[in-house]
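Working notes, beginning with the structure itself.
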Amino acid sequence: MPIRFTLNGKPVEAEPAASDMPLLYLLREEPFALNGPRFGCGLAQCGACTVLIDGRAVRSCSYPAEAVEGQAVMTLEGLGTAANPHPLQAAFHAEGAGQCGYCTNGMIMQSADLLSQNRRPSEDEIKEALAQNLCRCGGHNRMVAAVRRAAAQMAG
């Protein structure tokens, strides 16, 4: 049975291959073929697959695709474009916060959730928000700096 939802601001319809198909698989496969959310652990523990559902960060590897019926899903691709990046995307680039890049999707999407709730987070609040997202490269300090930079830009 097809599900209808909004993906990156556009109404879409898709039929999951199986009733228990994770949202991550639906997003990465046809017809969407998105590359932002990544498969990391498959257990909702690393954060590489993070997307926003109705504005809140969700691990898409463990979220059933069928559950997005009627909801708004935002992926990294929906935040901004190369020509007009979201302040977080621009700040991560400016701070060199994506060393290997595998965790970058999750870090940015988790940060977008944080900044939607707290426009001026402290360094400790940023670290707490990103604590459950894994980065094996050790780029956390640059990521915190990027979130601070984006927060300052977004606050005006």
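Being surrounded by 14 or more Cβ atoms within 10 Å (Cβ to Cβ) and part of a loop (DSSP other than H, G, I, E, B) is the requirement here; does residue 34 meet it? The answer is yes for residue 34.
Just one residue in the set 149, 59 is closer than 17 Å to residue 27 by Cα and either in contact with a Ser or Thr (Cβ under 6 Å, 6 or more places away or on another chain) or not hydrophobic (A, V, I, L, M, F, W, C) (or both); that residue is 59.
Yes or no, residue by residue, for (1) free of Cβ contacts under 8 Å to residues at least 12 places away in the same chain; (2) closer than 26 Å to residue 155 by Cα; (3) among the β-branched types (Val, Ile, Thr):
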position: 19; (1), (2), (3): no, no, no
position: 26; (1), (2), (3): no, no, no
position: 43; (1), (2), (3): no, no, no
position: 61; (1), (2), (3): no, no, no
position: 64; (1), (2), (3): no, no, no
position: 85; (1), (2), (3): yes, yes, no
position: 108; (1), (2), (3): no, yes, yes
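Every read-out reported here was derived from the displayed coordinates using simple, explicitly stated rules and does not represent laboratory data. Everything numeric in this text was worked out from a predicted model, so none of it was measured. Cβ atoms come from the backbone with ideal geometry, glycine included; neighbour counts cover every protein chain shown.
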